[in-house]
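Student: Would you mind keeping the following structure in view while I ask a few things?
The values are calculated or read from the model by the stated rules, or taken from the named source; none is laboratory data. Every value quoted in this text rests on a predicted model; they were computed, and no experiment measured them. Cβ coordinates were reconstructed from backbone atoms using ideal geometry, including for glycine residues, and neighbour counts include every protein chain displayed. SASA here: full protein model, heavy atoms, side chains in, ligands and nucleic acids out. Shrake-Rupley method; radii C 1.70, N 1.55, O 1.52, S 1.80 Å.
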Amino acid sequence: MLERLLQDRPVITDGAWGTELQARGLAIGACSDEWNLAHADRVEEVARAYVDAGSRVILTNTFGANRVRLAEFGLADQAGEINRRGAAISRRAAGDRVKVFASIGPTGKMLMMDEVPAEEILAGFTEQAQALQAGGADAIVLETMAELAEVQLALAAAQTTGLPVVACLVFDTGGRTMMGVTPAQAAQELTAAGADVIGANCGSGIGDFISICQALRSGTDRPLWMKPNAGLPEMVAGRAVYRSTPAEFVAQVPALVAAGAAFVGGCCGTTPQHIRALARD
């Protein structure tokens with residue numbers, strides 16, 4: 001599946017989901033994943049907006065749908081259903097036109113601080129990955145991971161499905177993870193662990209991603225997945241506002257592709273308008 005998809009590069013993925021759901025009524029701080037059960041129609045609107053904008057790959061509304069994170073909302077026992085529904089919603093929107101790469105985000109707990117046992121995190125990610133597969137996902141994306149150890153656990157869990165797996169970390173503007181891991185180091189470790197695609201998302205704007213992409217390329221021969229933010233956020237009335245326009249975002253994409261990006265989309269602050277501009281470019 002990946003080989004066919006990558007015959008025409010770059011593969012345009014989607015943009016942010018959280019802000020799109022907030023535009024449809026999701027309260028700040030509320031559990032967005034629970035909307036797969038309560039407001040599936042609005043979740044599907046987001047997925048369809050990205051399909052219509054030209055995405056060849058869309059994600060799922062399951063970023064925080066591991067049982068460790070869902071427990072904070074009293075929803076741990078619904079993890080399986082939330083993930084199955086999330087994958088099925090994006091599957092409906094995608095139809096036969098685009099691929100569904102299901103989203104798995106971090107638990108929000110620090111492994112290095114022993115906040116949750118590694119075995120519990122692995123079990124939660126395995127439950128999530130298998131439910132996403134049951135819902136119709138074509139592949140799995142591990143995204144916005146800050147700890148290399150956590151993304152390695154998530155990778156092992158996702159590999160139980162037999163689906164292709166994209167493994168992404170967050171690098172700050174200095175080009176390292178919160179734990180000080182460089183992109184080259186991460187790429188080497190994740191390649192050795194068997195990730196099919198390696199990448200970065202969130203953390204900074206597209207300008208910073210060019211050097212991150214180059215550094216990832218130095219550590220792996222796997223396809224690279226890049227989803228930068230629409231610039232750095234500014235807080236306005238309690239909300240994060242991202243100022244990079246679709247035109248400004250797209251202007252730097254050729255350099256990102258030249259650095260080795262095979263999949264290109266957007267993270268925080270990017271919209272269907274950013275993806276439409278990207279698909280037209």
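Student: Could you list, in sequence order, all residues of the stretch 93-116 that are in a helix (DSSP H, G or I) and over 19 Å from the mean Cα position of the chain (by Cα)?
Tutor: Residues satisfying the conditions are LEU111, MET112, MET113.
Student: Cβ-Cβ distance below 6 Å, separation of 6 or more or different chains: which pairs start in the stretch 82-95 with a residue that is of a type in the set (D, E, K, R) and end on one that is open to solvent by less than 30 Å² (accessible area, probe 1.4 Å) and at pLDDT 95 or above?
Tutor: Listed by first residue and then by second, the contacts come to ARG84/ALA131; ARG84/GLY135; ARG85/ASN36; ARG91/VAL100; ARG91/GLY136.
Student: Only one residue in MET178, MET145 is under 18 Å from the mean Cα position of the chain (by Cα), within 26 Å of GLU120 (Cα to Cα) and modelled with pLDDT under 95. Which one?
Tutor: Unique residue meeting the criteria: MET178.
Student: State all residues of the stretch 9-23 that are in a loop (DSSP other than H, G, I, E, B) and either of a type in the set (D, E, K, R) or modelled with pLDDT under 95 (or both); if no residue qualifies, say none.
Tutor: Hits for the stretch 9-23 are ARG9, ASP14.
Student: If ALA187 satisfies every condition in (1) open to solvent by 10 Å² or more (accessible area, probe 1.4 Å); (2) farther than 22 Å from GLY15 by Cβ; (3) among the small types (Gly, Ala, Ser) but one, which is the exception?
Tutor: (1)
Student: Taking the residues in the stretch 251-269 that are out of contact with any Pro (no Cβ under 8 Å at 6 or more places or on another chain) and either closer than 14 Å to LEU59 by Cα or free of Cβ contacts under 8 Å to residues at least 40 places away in the same chain (or both) as candidates, determine which candidate is least open to solvent (accessible area, probe 1.4 Å).
Tutor: So the residue we want is GLY265.
Student: Restrict the check to the stretch 130-137 and report whether at least one residue is under 30 Å from ARG280 (Cβ atoms) and in contact (Cβ under 8 Å) with a residue 12 or more places away in the chain.
Tutor: Yes - at least one qualifying residue is present in the stretch 130-137.
Student: Could you check how many residues of the stretch 32-70 are farther than 23 Å from ALA157 by Cα and free of Cβ contacts under 8 Å to residues at least 60 places away in the same chain?
Tutor: 15
Student: Next question. Being touching a strand residue (DSSP E or B) at 6+ places or on another chain (Cβ under 9 Å) and open to solvent by less than 60 Å² (accessible area, probe 1.4 Å) is true for just one of VAL116, VAL100. Which residue is that?
Tutor: Exactly one residue qualifies, and that residue is VAL100.
Student: ALA156: more than 25 Å from ILE275 (Cα to Cα), without any contact (Cβ under 8 Å) to a residue 12 or more places away in the chain and surrounded by fewer than 20 Cβ atoms within 10 Å (Cβ to Cβ), yes or no?
Tutor: When the stated conditions are applied, ALA156 does not pass them.
Student: Can you say whether ARG48 is farther than 30 Å from PRO117 by Cβ and crowded, with 16+ Cβ neighbours inside 10 Å, as far as the supplied structure shows?
Tutor: Considered against the rule, which asks whether it is farther than 30 Å from PRO117 by Cβ and crowded, with 16+ Cβ neighbours inside 10 Å, ARG48 comes out as yes.
Student: Give PHE73, PHE125 a once-over and let me know the one that is aromatic (Phe, Trp, Tyr) and open to solvent by less than 10 Å² (accessible area, probe 1.4 Å).
Tutor: PHE125
Student: Exactly one of (1) open to solvent by 70 Å² or more (accessible area, probe 1.4 Å); (2) in contact with an Asp or Glu (Cβ under 8 Å, 6 or more places away or on another chain) is unmet by ARG176. Its number?
Tutor: (2) is the only condition that ARG176 fails.
Student: Give just the number: which of (1) modelled with pLDDT of 95 or more; (2) surrounded by fewer than 17 Cβ atoms within 10 Å (Cβ to Cβ); (3) over 27 Å from PRO233 (Cα atoms); (4) over 19 Å from the mean Cα position of the chain (by Cα) does LEU6 not satisfy?
Tutor: Going through (1) modelled with pLDDT of 95 or more; (2) surrounded by fewer than 17 Cβ atoms within 10 Å (Cβ to Cβ); (3) over 27 Å from PRO233 (Cα atoms); (4) over 19 Å from the mean Cα position of the chain (by Cα) one by one, LEU6 breaks only (4).
Student: Being free of Cβ contacts under 8 Å to residues at least 60 places away in the same chain, touching a strand residue (DSSP E or B) at 6+ places or on another chain (Cβ under 7 Å) and either open to solvent by less than 10 Å² (accessible area, probe 1.4 Å) or of a type in the set (Lys, Arg) (or both): is that true of VAL166 here?
Tutor: The answer is no for VAL166.
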